[in-house]
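Engineer: Dumping the structure here so I can ask a few things about it.
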């Protein structure tokens, strides 16, 4: 008797969700990389833009987005990539909480924290689902 478990099954909703998440992270990263001033004044308004830090964000977002896109096709990548994305997004949320007084407005700062927290929760739940 073999103790081998059956290979994981491809779940169509997971494939679609990973492709969508990958596209969002890639789009945000490309925007930050190609138009850092626009990105900084639109959704990363924390005073005078630091182009280098916006490019650092772009690199991280592009890397995570590409990995999520690969995970849409490679089942073995799903759990680790989702956990990394969840941790990164969670830490990104913490940085927004710490810097809320530097946001363009308090309302925008709160909205960004809410959105980042919601995405982090979704990523954690998704990572738990694929880790089963």
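No value in this document is a laboratory result; all are computed from the given coordinates. Predicted model only: the values in this text are computed from it and were never measured. All Cβ positions, even for glycine, are placed from backbone atoms using ideal geometry, and neighbour counts span all protein chains on display.
Engineer: How much length, in nm to one decimal, is gained on full extension between residue 125 and residue 94, taken as 0.36 nm per residue of separation minus their Cα-Cα distance? Intermediate results must be reported in sequence, preceding the final value.
Structural biologist: Values: separation 31, 0.36 × 31 = 11.16 nm, distance 1.86 nm.
Full extension from residue 125 to residue 94 adds 9.3 nm.
Engineer: Going 7 Å from the Cα of residue 20 toward and past its Cβ, which residues in segment 35-74 have a backbone nitrogen under 15 Å from where you end up?
Structural biologist: From segment 35-74, the list is 69, 72.
Engineer: For residue 84 and residue 132 in the same chain, what is the full-extension length gain: residue separation times 0.36 nm, less their Cα-Cα distance, in nm?
Structural biologist: Details: separation 48, 0.36 × 48 = 17.28 nm, distance 1.66 nm.
Taking 0.36 nm per residue and subtracting the Cα distance, the gain is 15.6 nm.
Engineer: Decide, for the chain, between rounded, prolate and oblate: order the square roots of the alpha carbon gyration tensor eigenvalues as a ≥ b ≥ c, take rounded if a/c falls under 1.5, and otherwise choose prolate if a/b is larger than b/c, else oblate.
Structural biologist: Working: a/c = 3.02, a/b = 2.08, b/c = 1.45.
Verdict is prolate for the chain.
Engineer: I need the shape label for segment 84-132. Rule: rounded when a/c is under 1.5, else prolate if a/b > b/c, else oblate, with a, b, c from the alpha carbon gyration tensor.
Structural biologist: Details: a/c = 5.16, a/b = 2.60, b/c = 1.99.
Prolate, since a/c reaches 1.5 and a/b exceeds b/c.
Engineer: Can you compute the modelled spin-label distance between residue 111 and residue 75, with each label point 7 Å from Cα toward Cβ, in nm?
Structural biologist: Here the modelled spin labels are 4.1 nm apart.
Engineer: Still on this structure: With label points built 7 Å along Cα→Cβ from the Cα atoms of residue 11 and residue 51, find their separation and express it in nm.
Structural biologist: That separation, rounded to one decimal, is 4.4 nm.
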